[in-house]
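In what follows, a structure is listed as structure tokens, so that the remarks can point back to it.
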Amino acid sequence: MALLSGTRLTDRIDRLLPHEEAFRSALRGPDVASRVGLWLGLCFLVALLTGVYSHFAQQASTAIPLPGRPVSLYRVTQTLHIAAGTAAVPLLLVKMWAVNPKLFARPPRQRRAVVLHVLERLSIAALVASTIFQLATGLANAAQWYPWAFGFRETHYAVGWVAVGALLVHVAVKLPIIRDALAQRQPPAQPGGVTRRSLLLATWLAAGVAVLATAAAGVPGVRRISVLAVRSGDGPGGVPINRSAVAAGVSALATDPGFALSVVAPGRVVRLNRADLEALPQTSAELPIACVEGWSASGIWSGVRVRDLLALVGAPARTAVVVRSLQPRGAWRESRLPAEVAADPLTLLALDLGGEPLSLDHGYPCRIIAPNRPGVLQTKWVSRLEVQA
Ligand SMILES: Nc1nc2c(c(=O)[nH]1)N[C@H]1C(S)=C(S)[C@@H](COP(=O)(O)O)O[C@H]1N2
Ligand SMILES: [Mo]
């Protein structure tokens, strides 16, 4: 059997695939793509800035110390991060619908033009792939679903930069088209079909509904309409429970009457049981738990200032402290308090939430709660505070 010659093969593919002109809607094209793209770009910018902040906030030792005030800064930035990512999903779908015919544009004939065409297509492929990756992994993370083997934070962070790079190339290449399209006040004529106005309106509406239904879980007042949110705000003291004591495998140790917290400094150890901790001066503060997965809730915590505990072993207030928990394994069983966090008068080893002793799931007998920190660092079931020499 004779092999298909190169030209016959390309002819066949050409006949199989639709042509750019086969897409009828006049709304497919730069006019809608630029307008939706502008908002998509804005979502990207918000996600990038808040994402970089979150990445560094979760780093155990950050070169630039993060501010302790406002106490809810991380709560706001992480809610914005999830909201921007969620809003981007319908925007991306409409954007891809608008530019879809371009996928079937035939390559030009001249060699130089072909090279440029392929490069441009490759940058689009990188952009689309990285964007879908970011939105898909971000959404899965917000749903607390980790169906992959790679570390989420590092990968989501790295691919974020790929997406930003590809986006910059894309905007630079398309700038003249974008400028023309945005300057065009007159929408494309679409006899009998959906108008540009209603398409854009439906797009903004879809983005708005998506944000309210899922990502507004961190916003007091509107939390109730976030019907698809993973964590709703129920839980003892109005604070949801992330990992339960049973899931963390700490139930027996945390309820053991022989429990005692160890505060350790070089050459010195002080052991305190729950009654000893209750007998120390107590401080109350309203502080949020702001989970990186997008939910957050504020509670009134009371307990002992960490710096008071450091004083018991003769350590200065401004000392970095390693916090260990009763949990035998798992990524969040330990955390580190940088010196300025340990010294903060609002950094507490909490014993109570909402005027009641901590529930087992919220970290009984004692847990860390510090201002403006990602939830992953608010270690529960604390068993040891180790001063860093
Ligand atoms: N020991 C321990 N502490 C932990 C965790 C954990 O898995 N183990 N999860 C952290 C995460 S991811 C969050 S968001 C908060 C949630 O606290 P909560 O369950 O009291 O709301 O606890 C943090 N403290
Ligand atoms: Mo979390």
Quiz item: Say each of residue 186 and residue 96 gets a label point 7 Å from the Cα, pointing the same way as Cα to Cβ; how far apart are those two points in nm?
Solution: 3.3 nm
Self-check item: Crossing angle, helix 30-58 versus the chain [Cα axis fit, 0-90 degrees, rounded to tens]
Solution: 20 degrees
Quiz item: Helix 111-142: angle to the longest alpha-carbon principal axis of the chain, degrees 0 to 90, nearest 10?
Solution: 30 degrees
Quiz item: So what is log10(I(q)/I(0)) for the range 18-225 at q = 0.15, 0.17 1/Å, when the Debye sum runs over its Cα atoms only?
Solution: -1.06, -1.26
Quiz item: Which net charge results for the neighbourhood of residue 42, defined as the other residues with beta-carbon distances under 15 angstrom from its beta-carbon, given Lys and Arg at +1 and Asp and Glu at -1?
Solution: +2
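Could you work out the local net charge near residue 138, counting Lys and Arg as +1, Asp and Glu as -1, over the other residues with Cβ closer than 15 Å to its Cβ? Walk me through the numbers before you get to the answer.
Working: positive: 153; negative: 154, 293.
Local net charge: -1.
Report the gain in length on full extension from residue 12 to residue 129: 0.36 nm times residue separation, minus Cα-Cα distance, nm rounded to one decimal.
On the way: separation 117, 0.36 × 117 = 42.12 nm, distance 2.75 nm.
So the chain would gain 39.4 nm between residue 12 and residue 129.
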Quiz item: Of the listed peptides 144-157, 338-351, what is their order by residue-averaged count of other C-beta atoms within 10 Å, with the highest listed first?
Solution: 338-351, 144-157
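Packing-wise, with mean Cβ within 10 Å as the measure, how do 107-116, 291-300, 246-255 rank, highest first?
On the way: 107-116: 10.3, 291-300: 22.9, 246-255: 16.3.
Going from most to least packed, we get 291-300, 246-255, 107-116.
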Quiz prompt | Calculated P(r) of the range 238-387 - Cα pairs past 21 Å, % | solution = 36 percent
Self-check item: Residue-averaged 222 nm ellipticity for the chain, from DSSP H runs of 4+ at -39500 (n - 2.57), nearest 500
Solution: -15000 deg cm²/dmol
Quiz prompt | the range 276-350 pair-distance distribution - Cα-Cα, 10 Å bins, rounded % | solution = 18, 42, 37, 4
Quiz item: Can you pull the percent of Cα pairs in the chain with separation above 36 Å?
Solution: 39 percent
Quiz item: Helix 73-99 versus the longest principal axis of the chain: what angle, 0 to 90°, nearest 10, using Cα atoms?
Solution: 20 degrees
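Using 1/(1 + (r/R0)^6) with R0 = 30 angstrom and r between the beta carbons of residue 148 and residue 168, what's the FRET efficiency to the nearest 0.05? Please list the in-between numbers first.
On the way: r = 27 Å, r/R0 = 0.90.
E between residue 148 and residue 168, to the nearest 0.05, is 0.65.
Which order do peptides 163-171, 257-265 fall in by mean Cβ count within 10 Å, highest first? Numbers along the way, then the final one.
Values: 163-171: 17.3, 257-265: 15.3.
Most protected by this proxy first, the peptides run 163-171, 257-265.
If you stretched the chain out fully between residue 56 and residue 270, how much longer would it get, using 0.36 nm times the residue separation minus the C-alpha to C-alpha distance?
Numbers: separation 214, 0.36 × 214 = 77.04 nm, distance 3.25 nm.
Between residue 56 and residue 270, full extension yields an extra 73.8 nm.
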Quiz item: Mind checking the log10 I(q)/I(0) for the range 115-210 at q = 0.15 Å⁻¹? Debye, one equal scatterer per Cα, no solvent, two decimals.
Solution: -0.88
Self-check item: Cross-link reach list, lysines versus residue 174, counting only Cα pairs under 18 Å and skipping chain neighbours closer than eight places
Solution: 95, 102
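Only the coordinates and a few stated rules stand behind these numbers; no lab work does. Nothing here was measured: the structure is a model prediction, and the numbers come from that model. In this analysis, Cβ positions are derived from the backbone assuming ideal geometry, glycine residues included, and neighbour counts consider all displayed protein chains.
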